[in-house]
Structure formats: structure tokens, C-alpha cells
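My structure is below; once you've seen it, I'll send some questions.
Any read-out appearing in this document is the output of simple, stated calculations on the displayed coordinates, not a laboratory observation. In this text, all values refer to a predicted model and were calculated from it rather than measured experimentally. Note: ideal-geometry Cβ built from the backbone for every residue, glycine included; neighbour counts use all protein chains shown.
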Amino acid sequence: MKHHLLASFYASLVSVIILMLIDMQESSGTSIVGGLLLIPIIFVCCLVLAYPLIYIRSQFKLKKLQSVILFVLTGFILGAGIPIFIFPWLTIDSDSLVFILQYGFTGFLASITAWFYVQRNIAI
């Protein structure tokens with residue numbers, strides 16, 4: 001369980017930093033406060049996702065490439081899906097595509113961070 005917590009912590013830390021950097025272009029003060037408020041929420045989301053991903057990786061004895069694809073696709077798809085679920089009025093068009101892809105990229109980087117931690121510290 002320690003590894004699940006640490007992988008989730010590192011992934012949430014990377015996510016918060018990226019979201020703060022993205023938001024800092026428009027408002028610097030609110031991005032820092034918003035990032036600090038988002039840490040526990042993102043940590044819980046990462047923790048909910050870390051356990052099944054690590055379990056699938058170890059239970060099915062996935063190879064390195066397979067586990068990378070599993071983590072990356074999960075991170076990108078769920079990262080891009082978050083704005084669609086949070087903002088139901090958001091339509092997928094050229095204006096909102098950049099906004100959705102920013103969240104997808106954030107999920108991608110968070111999942112890569114978690115994968116690196118899992119790859120280095122959890123032996124199968």
C-alpha cells in the first residue's frame with residue numbers, strides 16, 4: 001500500500017504543478033491557491049486509479065511496453081474526459097479542443113510519473 005500512496009503522491013504533484021503552470025498564464029495568484037486546493041482532490045483520484053493499474057500490471061505480468069501503454073492510455077483518456085464530465089455544457093469543437101487536450105496531456109504526464117515510480121520501485 002505504501003507504493004500506491006507514493007505513486008499517487010508523485011502523480012498528483014506533477015498534475016498540480018502542470019495545472020498551475022497552465023493557469024498561471026491568465027492569473028498567477030489564483031493558480032497557486034487553486035493548485036494548493038486541488039492537491040487532495042487530485043491525490044484521491046490518483047490513488048483510486050493507482051491501485052487497479054498496479055494490480056493489473058502485477059496480476060497479468062505485463063511487459064514493459066504493455067504496462068506503459070496501459071498507464072498512458074488510462075491517464076490521457078481520463079485526463080481528457082475530466083473537463084467533459086465537470087463541464088457538461090462543454091462541446092467538443094475547435095475552441096474547446098485545446099482545453100481538453102491540456103487536461104489529457106496533464107493526465108498523460110501524471111500517468112508516466114506513476115509508471116516510472118512503479119517500474120523502479122515495485123518488483124514483480
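Could you list PHE43, PHE60 in order of exposure, starting from the residue whose Cβ has the fewest other Cβ atoms within 10 Å?
Numbers: PHE43 18, PHE60 11.
Ranked by crowding around the Cβ, least crowded first: PHE60, PHE43.
Based on the Kirkwood radius over alpha-carbon pairs, what is the Stokes-Einstein translational diffusion coefficient of segment 1-85 at 37 °C with 0.692 mPa s viscosity, in µm²/s?
Working: Rh = 13.9 Å.
Rounded to a whole number, D works out at 235 µm²/s.
Hey, another quick one. Using helices alone, I'd like the mean residue ellipticity at 222 nm for the chain: each DSSP H run of four-plus residues gives -39500 (n - 2.57), total over residue count, nearest 500. Don't skip to the end; give the middle numbers.
Values: 4 runs with 105 residues, N = 124.
The helix contribution divided over the chain gives -30000 deg cm²/dmol.
Take every Cα pair under 8 Å in the chain that's 6+ residues apart, average their separations, divide by the length, and report that relative contact order as a whole percent.
36
Scanning the chain for trypsin sites (Lys or Arg not before Pro) in DSSP loops with at most 16 other Cβ atoms within 10 Å, what's the longest stretch left with none? Intermediate results must be reported in sequence, preceding the final value.
On the way: sites that count: LYS61, LYS63.
With a cap of 16 other Cβ atoms within 10 Å, the longest stretch comes to 64-124.
Going through the DSSP H helices of the chain, which span 20 Å or more along their own axis at the Cα atoms while scoring at least 1.6 as a mean Kyte-Doolittle hydropathy?
28-59, 64-86
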